[in-house]
Amino acid sequence: MPKDSGIGASSKRREDVRFLTGKGQYTDDVNVYGQTYVHFLRSDVAHAKINGIDTSVAETMPGVVRIFTGKDFEGIGGLPCGWQVTDRHGQPMQEPGHPVLAQGKVRHVGDPIAAVVAETREQARDAAEAIGLDLTELPAVVNMKEALKDGAPKVHDDLSSNLCYDWGFVEDNKAAVDEAIKNAAHVTTLELVNNRLVANPMEPRVAVGDYNAANDESTLYTTSQNPHVIRLLMGAFVLGIPEHKLRVVAPDVGGGFGTKIFHYAEEAFVTFAARQIKRPVKWTSTRSEAFMSDAHGRDHVTKIELALDKDNNFTAVRTETYANMGAYLSTFAPSVPTWLHGTLMAGNYKTPLIYVNVKAVFTNTVPVDAYRGAGRPEATFQLERVIDKAARELGVDPIKLRRQNFITQFPYATPVAVEYDTGDYTATMDKLEEIMDLSGFAARRKASEAKGKWRGLGVNCYIEACGIAPSNLVGQLGARAGLYDAATVRVNATGSISVMVGAHSHGQGHETTFPQVIAEMIGIDESQIDIVHGDSSKIPFGMGTYGSRSLAVCGSAMVRATEKVIRKAKKIAAHLLEASEADIELKNGKFSVAGTDKSVDWAGVTLAAYVPHNYPLEEIEPGLEETAFYDPANFTYPSGAYACEVEVDPETGKVTIEKFAAADDFGNVVNPMIVEGQVHGGIAQGIGQALLEAAVYDENGQLQSASYMDYAMPRADDLPFYIVDHSSCTPCTHNPLGVKGCGEAGAIGSPPAVVNAVIDALASGGKNVGHIDMPLTPHRVWKAMNQ
Amino acid sequence: MTKISMTVNGRQVTGDVEGRTLLVDFLRENLRLTGTHVGCDTSQCGACTVHVNGLQVKSCTMFAVEADGAEVGTVEGQQNADGSLSTLQAAFQEHHGLQCGFCTPGMIMAASSLLKVNPKPTEAEIRHHLEGNICRCTGYHNIVKAIMAASGQDVSKIAAE
Amino acid sequence: MYAFDVTRPKTVADAVAALAGEDAQALGGGQTLIPTLKQRLASPAVLVSLSAIDEIKGVCQDGNVLSIGGGTTHATVAAEAGAYPALAALAANIGDPAVRSRGTIGGSLANNDPSACYPSAALASNATIVTNNREIAADDYFQGLFTTALNEGEIITGVKFPIPQAANYQKFVQPASRFSLVGVFVAKYADGVRVAVTGASENGVFRWSEAEAALSASFSAAALEGLTASADGLINDLHGDAEYRAHLIKVMTKRAVAAAK
C-alpha cells in the first residue's frame, strides 16, 4: 500500500491551488506604489566601440524620469564571478570586468548600453529610441577556435587573449593517459558539438527595485532561484549595500532551470536606480529580450577518445573541449565545463585513466552558464556517444559493453577526483530492460518497417554529482562561496510549524515535500506545517536551489533543525511527565514514557514551551525554535539507465520518439509523484536538446534563433508518455534522509539515448552514419543519410 | 483613450484604454486579474490564453478594444460556484499537471476549451490541441494525463506499461 | 508598440472609408500584425479592425464553388468548409486553436507570408480573390514575398474556391514556428491538376508546373517519380537549405496525391 502522508507518500501539492486559480504571486504581479518602468537600450551589434551616447533629446520626452548610462556606474562594482578556475599551469583564469551598463565597448547583441526610466513602459521605450548612439562596429568573434587564433579580435582589450583558461584534469594523469591510448587494442574517436541552448523558463525575468529613504533600506523583488546569493553578490560586490539594509524577495518564480541562479545587470540596475530617483523601478523582460540577456547553456565543442583493450575493457578516456563563456563571465560560468564536467568523465565505468582538457573561450555572444544539468549533460553525452560508437565499431552489443565496464564496488574513487559513495548500475540497467520491454524491440522494429519507417533503439547510462556540496571541497576548487544550506524550524505555541528554508521552490514542490519530512519525524499532520522561502528578511540564510540540491542539502538542514526541536521538546515532555528524558519516546505526535501509559501530545508540549508555567526554566529556555546549517560531506551520486526508441522517416529525415524509459536510482524518495514529474520535465528538455533546440549565431554575432519563431521549444505533440521508474534504490550514505536529488537527471540522461537511437535507426536502413550533431532536425538527419 | 466595457468571469467591467492596449494588459493592469500571464511576444507560448465569447484566444494577440462588449473568461473564473476546484483543475492537482505554475492558467483555459467541443479527447487530440501552449516543466506527460482524467478516462495504465 | 487608434467599422463601406485616412492599416485577426507591432516594425496611425464586419464572414456553397468571407476565421473554415475537405483540413491545422479563433482567411491572403498555408490552397484551386471593388484570379494575385495585387486600402471581402474532384494539403512544419517549411496543395479538376507550393520559395507561393503536367496526364504519385523540383530561388535558413526544401516539395507532393480525395 502506498503511504498517504509523510516520507514516501505522493502527497498532492498544496501550492497547486493558488496556481490553478490564478492566485500565484509572480514577480511581475508585484507592483509598488509610485513605480516607474525601465527600458534597456541594448546593443544590436555584437562588438563595437562606444564613441558617444547622446541622451539630450530623449531626456526631454514625455514621462522620462532619468536616463542612465555606463558613466553612472563608474566607481561602482561590476557583476562578480563566483568561481575562479586555476589553469593547467597553476595560473588563475583571465577574469574581465562586467559592468552593469556597457562602458567603452559593447560585446554582444543585447549588451545594455543605456537605461531609460519613465512613467510608463512605452514612454521608456519611446525615449530609448531617441537616444543617439555613436558606435564604431568592430569585427566579432563567434567561433571558439577562431577566437583563439593569433590576431583574432579581442573581446576584452585588457586581457592577453580570448582564452579564459586552459584547464587540465587530472594534469598528473596526462602522460599515462597518452601512453594508454597509444597502446590500446582499439581507440574510438568522436568529435561533437554540445549545442548551445536557451533555458527558457516560461516566466521571463522581472526585477523591481524599491528604496525606503526613512530607514535607508533597499528591496529587490526578483525572479531568482537563490535570493540570498543575489543579496550577497549585489550587496557586497556591486552596490556596496550591507546585508541588513538590503532585502531580496523571490516570490513565486515561473521556472528557473539554472538561468535564474545568476546575478544579472538588471537586478543591480533597478536596485541602484530606485535609490537614485527615490522611486520604485520595474523591469519586465520580454521574451525577445530574454533570448539576448538570459545566460545561455552548454555550447561545447569536444573531441573524445575512448581506449579499449582486446577484451573490450575501457582503459583510458581523453577529451579536449572548447567551452564558450560568451562575452563575460556569468556568476558560475567557469565551474560548469570544469568541476561540473571533468569530474564526471568516469561516468558509470571503471576506466582507470582519464584526462580532460578544457579551453574556456570568450566570444561576442551572450554569456553561457549553468543550464539544467550544467556540465554533467556535456560529460554524459560525449561518453555515452563514444561508447555507442565503440560498440558499433567493434560489433558488440552496446548494453553488454556498458555492463562489462560498470563500476560494481562502492565506495569507488574515480580517477577524476570524486568518490561515489553508493550505486548499483546493473540494477538500473536490469530495470530498464524490463520497463522498456527490450525483448520486444525486434517486433516493434518490424512493425515500423511495415509502415516505411526505420526504427532505432538507443540506450545509455548516466551518473551525476549533485546535492552541491561540501564547502571545503568546492572552496579548494575555486568557489568563492560555501555551498551549505540552512533551515529554521519555528514551532508555534499551538503546535503548528513554520519552516524557513534557504532552498527556493520554483516548480519543485518544496511547499509540499518538505512538510512531509517533518510530519514523518514528529508524527503530526502535514497541514500543520508551512514552508517559508524566497525572502531574505524571513529566512536565516540560504544558498538556494540548483544542482538538484534542495532536499539533499537544505532538507538535511531542516532534518537537523527538527532533530534539535525534538530533543528540546523531549526535555519539556520529560518535565511535564515527571520522567527521565531518556525514557521519553515520540511517536505519532505523542510523547510517552516508555513502559507506562503516561503521555502528553505534541501541542501540549509546544504550548508549555510558550506558556512555561510548569517548565524546566533552570535547564532550558522557553520557546521552541531551532536553526541548523548543513554542509554535506560529499556530493550525492544519482545514476540511471535510459532508453529511447525512435522512428525515422527515410523520406524526410523526421525523427519521432516512439518510446522512452528511464530507470533511476535517486536513493530514498520523499514524494514519488513529484520525483516522477521532475524526471518527465528533464527528459523533455533532453529530448528538446537532442531533436529541436539550438541557439545559433551567424558569423557577425547575430542570434538567428532569437524567438520562438526560430528556437524550437518542445510542444506536447513532440513528446510521448514516458515510462519512469525509481525503484532501484541505493540510499546516499552521508545525508540523514539518504536522498540524492532528481531535478537534473532527466536532462542529463536523455540526449545520448535519443541520438544513439537515431544512429541505430539509420543503420537499420543501411545508412551507417558515425555521428550527427544535435539538434537532430529533419534537415540534419536527411543530410546525414544522403551524404 | 477609448471607453470599453465587457463581462469578465460574469462581472461587468469598464475601463479606458489606448488603441494599443492588449487584452492581457487590460486584464492584468486595469482589472488586476494577474492569473493570465505573458510568456512571449510572438504569440506562441499560450500562457495568456483566455476565452472570448466562448472561444480560446491569446489575450496578448488581441486588442482590448476588440473585446468591447464581449464575454471574457479567465483562469480566475474557472472554479465551481462554491469556490472548489473545477473537475479539470482538480485533475491537474491530482495528476501533478503543473510545476512552476506559470503556463498553468493558459493550459487550463486551452484544455477547458477542448473539453467543451470534444468531451473525451484521445491522447493525440489533446497533444494537437496544446500546440499553442508551451510548458517547460512537466514534459506534458502529466498535463495530457490530467486532461484525459478530467474527461473521465482511465489513466491508471499510462506509463505503467 | 507605437501609439495608434483602433476603429471597428461594421460595414465594408465604412472600413474602406476609414482606410482612406493617412497611415491607416487594416487589421484582420491580428495574429501576424500584432506581433509585428510589438516589435515596432510598423507604425500605423489607425488600425481599421475588420472583425466587426458581419457581411464578410461565413462560408457558403453555390454549386461547385465554395465562397468564404474574407473575415472568416480559420476555425470557422475548419468547421464549415466540409464541401471542400482539403481546405477545411488545411484550416484546421493553421497555427494553434487560439490562432484559429482569431486569424482570418482574408488576413492571411492579404499578408501573403511565404510560409502561410492559405496561399497554397488559393493558388492550387485557382480561387478568385474578391475585394471591395474587383475580383482577382489567384494566378494574378500573388506577386512575391508579402506582396499581392491588392491596392492600398483594398479589402478582401471574400474568396471563391472552385471545388475540385480531389485535393489534399501536406504540410511539413518548421519545428519552431510551426509554419510550413514546405507545404504542398494538390487539386485535381476536370481540366487538369494544379500544384501550389508554400514555405519553400524566396518569392512566396508558386506553382510547380512540371508536376502539374505529369499529374494531369496521370494522377498518381508514380507519375512524379522522374521529376525533381528545382532548388533555384528556394529558401536557405536555419531549418533547411534549398536542396532539402526542393526534396521535400517532391515528397510532400507525392503524399498529397496519394492522400487526395
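The values are calculated or read from the model by the stated rules, or taken from the named source; none is laboratory data. If you're wondering where the values come from, they're calculated on a predicted model, not measured in any experiment. Cβ sites come from the backbone with ideal geometry, for glycine too, and all protein chains shown count toward neighbours. Accessible surface is based on the protein model in full, side chains and every heavy atom, while ligands, DNA and RNA are left aside. Shrake-Rupley method; radii C 1.70, N 1.55, O 1.52, S 1.80 Å.
Which of the residues spanning the range C:43-62 are farther than 20 Å from C:ARG102 by Cα and of a type in the set (A, V, I, L, M, F, W, C)?
Quick first cut of the range C:43-62, residues farther than 20 Å from C:ARG102 by Cα only: C:43-45, C:61-62.
C:ALA45 - this is the single residue of the range C:43-62 that is farther than 20 Å from C:ARG102 by Cα and of a type in the set (A, V, I, L, M, F, W, C).
Residue check, C:ALA52 against (1) within 13 Å of another protein chain (Cβ to nearest Cβ); (2) outside any helix (DSSP H, G or I); (3) buried (at least 19 other Cβ atoms within 10 Å of the Cβ); (4) of a type in the set (A, V, I, L, M), all met but one. Which one?
Among (1) within 13 Å of another protein chain (Cβ to nearest Cβ); (2) outside any helix (DSSP H, G or I); (3) buried (at least 19 other Cβ atoms within 10 Å of the Cβ); (4) of a type in the set (A, V, I, L, M), C:ALA52 violates only (3).
Only one of B:GLN93, B:GLN89 is of a type in the set (S, T, N, Q), in contact with a Leu (Cβ under 6 Å, 6 or more places away or on another chain), within 9 Å of chain A (Cβ to nearest Cβ) and assigned to a helix (DSSP H, G or I); which?
Result of the check over B:GLN93, B:GLN89: B:GLN89.
Every residue, every condition in (1) at pLDDT 95 or above; (2) open to solvent by 30 Å² or more (accessible area, probe 1.4 Å); (3) not assigned by TED's automatic domain parsing to the domain that holds A:ALA753, yes or no:
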residue	(1), (2), (3)
A:ALA603	yes, yes, yes
A:ALA608	yes, no, yes
A:VAL611	yes, yes, yes
A:ASN614	no, yes, yes
A:LEU617	no, yes, yes
A:ILE620	no, no, yes
A:GLY640	yes, no, no
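Just to be sure I understand, how many residues within the range B:63-114 are at positive phi and in contact (Cβ under 8 Å) with a residue 24 or more places away in the chain?
Restricting attention to the range B:63-114, the residues satisfying the condition of being at positive phi are B:69, B:83, B:96, B:101.
After this cut, where a residue has to be in contact (Cβ under 8 Å) with a residue 24 or more places away in the chain as well, the list is B:69, B:96.
So the answer is 2.
Of the conditions (1) more than 9 Å from chain B (Cβ to nearest Cβ); (2) within 14 Å of B:GLY19 (Cα to Cα); (3) open to solvent by less than 40 Å² (accessible area, probe 1.4 Å), C:PHE4 satisfies every one except a single condition; which number is it?
(1)
Take the residues in the range B:134-161 that are touching a Pro at 6+ places or on another chain (Cβ under 9 Å) and touching a residue at least 40 places away in the same chain (Cβ under 8 Å); name whichever of them is farthest from A:ALA716 (Cα to Cα).
Checking each candidate, the answer is B:ILE147.
Does B:GLU76 satisfy the condition of being open to solvent by 20 Å² or more (accessible area, probe 1.4 Å) and either out of contact with any Asp or Glu (no Cβ under 8 Å at 6 or more places or on another chain) or within 13 Å of chain A (Cβ to nearest Cβ) (or both)?
yes
Would you confirm, using the coordinates I've provided, whether A:THR21 is open to solvent by less than 30 Å² (accessible area, probe 1.4 Å), among the polar types (S, T, N, Q), outside the structural domain of A:VAL358 (by TED's automatic domain parsing) and touching a strand residue (DSSP E or B) at 6+ places or on another chain (Cβ under 7 Å)?
The answer is no for A:THR21.
In the list C:LEU41, C:LEU47, which residue meets the criterion of being open to solvent by less than 40 Å² (accessible area, probe 1.4 Å), on the phi < 0 side of the Ramachandran plot and either modelled with pLDDT of 95 or more or within 13 Å of another protein chain (Cβ to nearest Cβ) (or both)?
C:LEU47
Being crowded, with 24+ Cβ neighbours inside 10 Å and under 30 Å from C:THR36 (Cα atoms) narrows it down to one of A:GLN702, A:GLN689, A:GLN678, so name that one. Break it down stepwise before answering.
Values: A:GLN702 fails: crowded, with 24+ Cβ neighbours inside 10 Å; A:GLN678 fails: under 30 Å from C:THR36 (Cα atoms).
One residue alone meets the criteria, A:GLN689.
Could you look through the range C:86-97, keep only residues that are small (Gly, Ala, Ser) and open to solvent by 20 Å² or more (accessible area, probe 1.4 Å), and pick out the one that is nearest to the other protein chains (Cβ to nearest Cβ)?
Ranking the qualifying residues of the range C:86-97, first place goes to C:GLY95.
Out of curiosity, is B:CYS60 more than 7 Å from every other protein chain (Cβ to nearest Cβ) and either part of a loop (DSSP other than H, G, I, E, B) or touching a helix residue (DSSP H, G or I) at 6+ places or on another chain (Cβ under 7 Å) (or both)?
Yes, satisfied.
Please work out if A:GLY741 is assigned to a loop (DSSP other than H, G, I, E, B), at pLDDT below 95 and in contact with a Leu (Cβ under 9 Å, 6 or more places away or on another chain).
Details: assigned to a loop (DSSP other than H, G, I, E, B): yes; at pLDDT below 95: yes; in contact with a Leu (Cβ under 9 Å, 6 or more places away or on another chain): yes.
The answer is yes for A:GLY741.
Before we move on, is A:ASN364 farther than 24 Å from A:ILE723 by Cα, at pLDDT 95 or above and in contact with a Gly (Cβ under 9 Å, 6 or more places away or on another chain)? Steps first, please.
On the way: farther than 24 Å from A:ILE723 by Cα: yes; at pLDDT 95 or above: yes; in contact with a Gly (Cβ under 9 Å, 6 or more places away or on another chain): yes.
In short, yes.
Would you please list the contacts, defined by Cβ atoms under 6 Å and residues six or more apart or on different chains, that run from a residue in the range A:686-709 that is within 14 Å of chain B (Cβ to nearest Cβ) and more than 19 Å from A:ILE657 (Cα to Cα) to a residue that is at pLDDT 95 or above and part of a helix (DSSP H, G or I)?
A:ALA706/A:PHE291; A:SER707/A:SER288
What is the residue count in the range B:99-145 for residues that are under 16 Å from the mean Cα position of the chain (by Cα), at the interface with another protein chain (Cβ under 8 Å from one of its Cβ atoms) and among the β-branched types (Val, Ile, Thr)?
Here the count works out to 6.
Can you go through A:VAL758, A:VAL781 and tell me which one is within 11 Å of another protein chain (Cβ to nearest Cβ) and part of a helix (DSSP H, G or I)?
On the way: A:VAL758 fails: within 11 Å of another protein chain (Cβ to nearest Cβ).
After ruling out the rest, the residue left standing is A:VAL781.
Would you mention how many residues in the range C:3-26 are of a type in the set (Phe, Trp, Tyr) and without any contact (Cβ under 8 Å) to a residue 12 or more places away in the chain?
So in the range C:3-26, the residues of a type in the set (Phe, Trp, Tyr) come out as C:4.
The next check asks that each one be without any contact (Cβ under 8 Å) to a residue 12 or more places away in the chain; those that pass are none.
So the count comes out to 0.
Quick one: which of B:ALA110, B:ALA159 is buried (at least 17 other Cβ atoms within 10 Å of the Cβ), assigned to a loop (DSSP other than H, G, I, E, B) and either outside the structural domain of B:ARG20 (by TED's automatic domain parsing) or of a type in the set (S, T, N, Q) (or both)? Quick ask: steps written out before the conclusion?
On the way: B:ALA110 fails: assigned to a loop (DSSP other than H, G, I, E, B).
It is B:ALA159.
When you scan the range A:338-353, do you find a residue that is assigned to a helix (DSSP H, G or I) and polar (S, T, N, Q), even just one?
So far as the range A:338-353 goes, yes, one or more of its residues are assigned to a helix (DSSP H, G or I) and polar (S, T, N, Q).
Just for strands (runs of 3 or more DSSP E) wholly inside the range C:98-216: which have at least 1 residues that are crowded, with 24+ Cβ neighbours inside 10 Å?
C:128-131, C:156-162, C:166-173, C:180-189, C:192-198
Inspect the range B:22-45 for any residue being open to solvent by less than 50 Å² (accessible area, probe 1.4 Å), more than 13 Å from chain A (Cβ to nearest Cβ) and assigned to a strand (DSSP E or B) and give the result as yes or no.
no
Restricting attention to the range B:117-124, does a residue exist that is outside the structural domain of B:THR36 (by TED's automatic domain parsing), open to solvent by 10 Å² or more (accessible area, probe 1.4 Å), part of a loop (DSSP other than H, G, I, E, B) and touching a residue at least 24 places away in the same chain (Cβ under 8 Å)?
yes
Filter the strands (runs of 3 or more DSSP E) completely within the range A:564-607 down to those with at least 1 residues that are among the aromatic types (Phe, Trp, Tyr).
Hits in the range A:564-607: A:590-593.
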